[in-house]
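The values are calculated or read from the model by the stated rules, or taken from the named source; none is laboratory data. Just so it is clear, the model here is predicted, and its values are computed rather than measured. Because the Cβ atoms are built from the backbone with ideal geometry, glycine has one as well, and the counts that use them run over all protein chains shown.
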């Protein structure tokens, strides 16, 4: 009597895309504060547009089925996708790469920022790539920008302290060693979180003085 042979299908394991690479978010306090400032300011600027996504230090995967093909931009902005929280970013699911990437560079990351990352961002089709050195360790002037031409980046001409981003509609400016965002439409720098806190405190003080005068 022949024994029937069972056909066993090989187990297929779901591909895992980690949410962290185990590396610290930033190298120094200056890098961390600069990143937070840019993220908060950009999120506030685009808050009324439901189709602009702002994120930073988020694991970004660009090849389906290949978890090793990932990068985590310090700050990035994507136009044309819904604004909602994400655990990771998969370009093939979102249907597009970031439009703008800002990397906060240092002496220890310079080769990666100017080499592999620049190549990857160009391959992905990131329209604009900006590099800023908060500590002025090696990049002089400390701000550099690139725009995509075909499948390669070309350097954006600038004085090294201000560069216009066509994708953001904002100008990146170095003010007292800090990277700020300038709105040409209003002719003003966008307020940082610290400046907003100061403004709230000023308004509270004015309100308190007004109430005191009324009560007297």
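Residue 28: modelled with pLDDT under 95, farther than 19 Å from residue 144 by Cβ and out of contact with any helix residue (DSSP H, G or I) (no Cβ under 7 Å at 6 or more places or on another chain), yes or no?
Working: modelled with pLDDT under 95: yes; farther than 19 Å from residue 144 by Cβ: yes; out of contact with any helix residue (DSSP H, G or I) (no Cβ under 7 Å at 6 or more places or on another chain): yes.
So residue 28 fits the description; yes.
Here is a list of conditions, (1) closer than 22 Å to residue 62 by Cβ; (2) buried (at least 18 other Cβ atoms within 10 Å of the Cβ); (3) more than 15 Å from the chain's Cα centre (by Cα), and residue 163 meets all of them except one; can you say which number that is?
For residue 163, the exception is condition (1).
Give just the number: which of (1) outside any strand (DSSP E or B); (2) modelled with pLDDT of 95 or more; (3) surrounded by 10 or more Cβ atoms within 10 Å (Cβ to Cβ) does residue 201 not satisfy?
Residue 201 satisfies every listed condition except (2).
Within the stretch 180-188, is even one residue in a loop (DSSP other than H, G, I, E, B), at pLDDT 95 or above and in contact with a helix residue (DSSP H, G or I) (Cβ under 9 Å, 6 or more places away or on another chain)? Before the answer, list the steps.
Initial filter on the stretch 180-188 (in a loop (DSSP other than H, G, I, E, B)): 184-187.
Filter again for at pLDDT 95 or above, leaving 184-187.
Filter again for in contact with a helix residue (DSSP H, G or I) (Cβ under 9 Å, 6 or more places away or on another chain), leaving none.
No, every residue in the stretch 180-188 fails to be in a loop (DSSP other than H, G, I, E, B), at pLDDT 95 or above and in contact with a helix residue (DSSP H, G or I) (Cβ under 9 Å, 6 or more places away or on another chain).
Go through the stretch 157-179 and count every residue that is free of Cβ contacts under 8 Å to residues at least 60 places away in the same chain and part of a loop (DSSP other than H, G, I, E, B).
So the answer is 9.
Could you please let me know if residue 139 is touching a residue at least 24 places away in the same chain (Cβ under 8 Å), part of a strand (DSSP E or B) and either within 20 Å of residue 35 (Cβ to Cβ) or touching a helix residue (DSSP H, G or I) at 6+ places or on another chain (Cβ under 9 Å) (or both)?
Numbers: touching a residue at least 24 places away in the same chain (Cβ under 8 Å): yes; part of a strand (DSSP E or B): no; either within 20 Å of residue 35 (Cβ to Cβ) or touching a helix residue (DSSP H, G or I) at 6+ places or on another chain (Cβ under 9 Å) (or both): yes.
So residue 139 does not fit the description; no.
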